[in-house]
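Engineer: Sharing a structure with you now.
The values are calculated or read from the model by the stated rules, or taken from the named source; none is laboratory data. Here the structure is a predicted model, which is why all the values come from computation and not from measurement. We place every Cβ from the backbone using ideal geometry, glycine too, and count neighbours over all the protein chains shown.
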Amino acid sequence: MSDWRAWVPRAWSLVLALLLLGPALGPGLLLTYDMVWVPDLPVRPDVWGVGSGLPRAVPSDAVVAVLDEVVPGALLQKAVLLVALVAGGLGARRLVPERSLAAQLVAVSVYQWNPYVAERLAIGHWPVLVGYAVLPWVLLAGRRWRETGAPPAMLLALAPLGSLSASAGVATAVALLAAAAGRRRTGPVVLLALVANLPWLVTGALHAADARTDAAGAELFALGADGALPPPLAALALGGIWNGEVVLPSRDGVLAWLGLAVLVGLAAAGLRRWARRSERRDVVALVACWVVGLLLALVTWAAPGAVAALAAHVPGGGLLRDGSRLLVLCAPLVAVLAGCGAAALLDGVPERTPRLVLAGALALLPITLLPDAALGLSGRLEPTTYPASYAAARDAVDGAGPGDVLALPLSSYRQPSWNHDRKVLDPLPRHLPRDVVASDELVVDETTIAGEDPRVGEAAAALAAGSPEERAARLADLGIGVVTVDRLAPGEAPAVAGRVLLDSTELLVVELDGSVADRPVPTSWAVAATTAWCLWGACLLAAPGLAVARRVRRGRVAGVPT
């Protein structure tokens, strides 16, 4: 492919990413549901997974906390989102066994512009999107490992980057096994997948006693309808997220059905062509990923009781309850088949001008069928600026006496006016330089899903005491030295005795009276977590070292006279 033809898919991918993010790339920080970024995330025990709550944001929080010491949080967030979208599209393009430019452009469009990407952006699952971006490259690297007999250096970086959350790590591990396992490679492949997921596996095991999740969440988080499409069909179209609030309005009408029909039609048209032009193992790998992702999603819809039992009795079983999240495994095959289907259709059009028109129309179809994803999901992805009181609260807590922080009211989500009245996970704890005890309950459709952090229940019991002095004393016995109150959030915030450090329109910060009990991280936890993190970091950092070593070795071999 000539140079200019190679650059067209890259430019197209960038255009799609810019059009999709739109206002999200403007000044400020994007806060939407679970996407809670702050100007500078402190490096504290819970980002390493050794706080009292389940390590749900491991290893993503630690990565951000380290990187935003160098790059401002707002800039880092935009870079992560933009690079993830572009990298994913370009990876899908490389998976297409076609020299056809149109086929590659269609694959890029389908991979970057679909309900899965739009809904994960809306709900704020950025680590999932990073894993989504890495997935095609893991499949490509697995193929290269099979061909050369040696693991590509980039795979040592791709595997950890694709495992920034537990679900993303599972998907990356499945793709790695599907693409590279076999003969003498199986052991190293399993080892790499294990090391890439060590931070959340080890820290999750440390919290095993609290890692059983509320069975009520299984049915609520199951694969759901995607607008007009019922759950099984929604899964085929890469939709079906449990939270109907983040589903785009266009999914409620005929466009959803048209989109599914077009996707299935292109896939059917491209299936035989793809199978003929691909190596058998590549076919097996992509089909295996698609089957695993689809089955895991459908199980949550068809058998929520079984998923509930798993979540309630097996530590970590709740990982599988978000039915649509692992549909990430279906996306590579869908994009590749769509690209091959486009090439097959174009083969039936002999004249140049009609071919160009049809090629352009096919590349634009995903955008046409999901139009309200444009410009930041029709304006939903609008950045904001934190009130000055948040920085003041951080300084106040930093200068307070010992102890962790309790965030009140005890509710997970906020909907502040300064965030355009959009829901977001309470952002205050992420500003503060100490571990924070905050509610991890979730209310969905008026059903409360219990959290797992035992300290939240202990703090709630302490707040039920009869006087501010008694509440402060009981909280201090729990290792809590500071209480913060979000005054814009609904819910109760019982008064506690102490010294007011900050009293603003948005926030109240109180340093408790009395002696605060010390709650150090257990030595065994520190050793286990440190070991896991060192191995994970070594894997990530080994990638450039291995690449350089191989280049030097090739140079020496090339320089040996024959």
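Engineer: Are there any pairs with C-beta distances below 6 angstrom linking a residue in the stretch 115-143 that is of a type in the set (Ser, Thr, Tyr) to a residue that is outside any helix (DSSP H, G or I), with the two at least 6 apart or on different chains, and if so which?
Structural biologist: Short answer, once both residue conditions are applied: Tyr116/Leu238.
Engineer: Let me ask something additional. Determine whether Leu25 is at pLDDT 95 or above, within 28 Å of Pro332 (Cα to Cα) and crowded, with 16+ Cβ neighbours inside 10 Å.
Structural biologist: yes
Engineer: Give just the number: which of (1) assigned to a helix (DSSP H, G or I); (2) under 23 Å from the mean Cα position of the chain (by Cα); (3) free of Cβ contacts under 8 Å to residues at least 60 places away in the same chain does Ala473 not satisfy?
Structural biologist: Every listed condition holds for Ala473 apart from (2).
Engineer: Condition first: in the same structural domain as Leu177 (by TED's automatic domain parsing), touching a Pro at 6+ places or on another chain (Cβ under 8 Å) and at positive phi. Can you find one or more residues in the stretch 240-250 that meet it?
Structural biologist: yes
Engineer: When residues of the stretch 177-202 are filtered for being buried (at least 20 other Cβ atoms within 10 Å of the Cβ), more than 17 Å from Leu140 (Cα to Cα) and without any contact (Cβ under 8 Å) to a residue 60 or more places away in the chain, how many remain?
Structural biologist: Total meeting the criteria: 1.
Engineer: Within the stretch 347-354, is there a residue that is crowded, with 16+ Cβ neighbours inside 10 Å and out of contact with any Ser or Thr (no Cβ under 8 Å at 6 or more places or on another chain)?
Structural biologist: no
Engineer: Quick check on Gly491: is it under 30 Å from the mean Cα position of the chain (by Cα), crowded, with 20+ Cβ neighbours inside 10 Å and closer than 30 Å to Trp48 by Cβ?
Structural biologist: Against the criterion (under 30 Å from the mean Cα position of the chain (by Cα), crowded, with 20+ Cβ neighbours inside 10 Å and closer than 30 Å to Trp48 by Cβ), Gly491 does not qualify.
Engineer: Return the residues of the stretch 173-203 that are closer than 16 Å to Cys289 by Cα and within 20 Å of the chain's Cα centre (by Cα); say none if nothing qualifies.
Structural biologist: Ala173, Val174, Ala175, Leu176, Ala193 - these are the residues of the stretch 173-203 that are closer than 16 Å to Cys289 by Cα and within 20 Å of the chain's Cα centre (by Cα).
Engineer: Here is a follow-up. Applying the selection to the stretch 207-235, what residues are surrounded by 20 or more Cβ atoms within 10 Å (Cβ to Cβ), modelled with pLDDT of 90 or more and in a helix (DSSP H, G or I)?
Structural biologist: Result: Pro231, Ala234, Ala235.
Engineer: Looking only at the stretch 118-129, decide whether some residue is among the acidic types (Asp, Glu) and farther than 29 Å from Gly379 by Cα.
Structural biologist: No; the residues of the stretch 118-129 include none that is among the acidic types (Asp, Glu) and farther than 29 Å from Gly379 by Cα.
Engineer: Next question, about the same structure. Which of the residues spanning the stretch 355-391 are among the hydrophobic types (A, V, I, L, M, F, W, C), more than 18 Å from Gly239 (Cα to Cα) and in contact with a helix residue (DSSP H, G or I) (Cβ under 8 Å, 6 or more places away or on another chain)?
Structural biologist: Selection gives Leu358, Ala359, Leu362, Ala363, Leu364, Leu375, Leu381, Ala391.
Engineer: For the list (1) modelled with pLDDT under 95; (2) in contact with a Gly (Cβ under 8 Å, 6 or more places away or on another chain); (3) farther than 17 Å from Val405 by Cβ, I need the number of the one condition that Val424 fails.
Structural biologist: (1)
Engineer: Working carefully through the options Ala359, Ala363, Ala374, find the one that is surrounded by fewer than 20 Cβ atoms within 10 Å (Cβ to Cβ), in the same structural domain as Gly217 (by TED's automatic domain parsing) and assigned to a helix (DSSP H, G or I).
Structural biologist: Ala374
Engineer: Something else: If only one of Val496, Val500, Val527, Val510 is surrounded by 15 or more Cβ atoms within 10 Å (Cβ to Cβ) and outside any loop (DSSP other than H, G, I, E, B), which one is it?
Structural biologist: None of the other options fit; the residue is Val510.
Engineer: In the stretch 379-431, which residue that is polar (S, T, N, Q) and assigned to a helix (DSSP H, G or I) is nearest to Val43 (Cα to Cα)?
Structural biologist: Across the stretch 379-431, the extreme among qualifying residues is Ser389.
Engineer: What is the residue count in the stretch 265-306 for residues that are within 19 Å of Val128 (Cβ to Cβ) and either acidic (Asp, Glu) or in contact with a Lys or Arg (Cβ under 7 Å, 6 or more places away or on another chain) (or both)?
Structural biologist: Result for the stretch 265-306: 1.
Engineer: Sort through Trp7, Trp37, Trp48 and tell me the only one that's of a type outside the set (D, E, K, R) and not assigned by TED's automatic domain parsing to the domain that holds Ala122.
Structural biologist: Only one candidate qualifies: Trp7.
Engineer: Only residues in the stretch 351-380 that are touching a residue at least 12 places away in the same chain (Cβ under 8 Å) count as the first member; pair them with residues that are among the basic types (Lys, Arg) and part of a helix (DSSP H, G or I), Cβ under 9 angstrom, at least 6 apart or cross-chain, and list the lot.
Structural biologist: Correct list of pairs: Leu370/Arg251; Asp372/Arg251.
Engineer: Can you work out which of the residues in the stretch 256-268 that are surrounded by fewer than 19 Cβ atoms within 10 Å (Cβ to Cβ) and touching a residue at least 60 places away in the same chain (Cβ under 8 Å) is farthest from Ala338 (Cα to Cα)?
Structural biologist: Applying the filter and picking the extreme gives Leu258.
Engineer: Looking only at the stretch 292-316, which residues are more than 21 Å from the chain's Cα centre (by Cα) and either small (Gly, Ala, Ser) or surrounded by fewer than 16 Cβ atoms within 10 Å (Cβ to Cβ) (or both)?
Structural biologist: Listed by number, the residues that qualify are Ala302, Ala303, Gly305, Ala306, Ala308, Ala309, Ala312, His313, Val314.
Engineer: Within the stretch 452-467, restricting attention to residues that are part of a loop (DSSP other than H, G, I, E, B) and in contact (Cβ under 8 Å) with a residue 40 or more places away in the chain, which residue is farthest from Glu245 (Cα to Cα)?
Structural biologist: Checking each candidate, the answer is Asp453.
Engineer: Just checking, does the stretch 540-547 include any residue being of a type outside the set (Asp, Glu), exposed (fewer than 12 other Cβ atoms within 10 Å of the Cβ) and out of contact with any His (no Cβ under 7 Å at 6 or more places or on another chain)?
Structural biologist: no
Engineer: Yes or no: the stretch 323-330 includes at least one residue that is touching a residue at least 60 places away in the same chain (Cβ under 8 Å), of a type in the set (S, T, N, Q) and part of a loop (DSSP other than H, G, I, E, B).
Structural biologist: Yes.
Engineer: Name the residues in the stretch 236-262 that are small (Gly, Ala, Ser), farther than 23 Å from Val291 by Cα and part of a helix (DSSP H, G or I), would you?
Structural biologist: Gly244, Ser250
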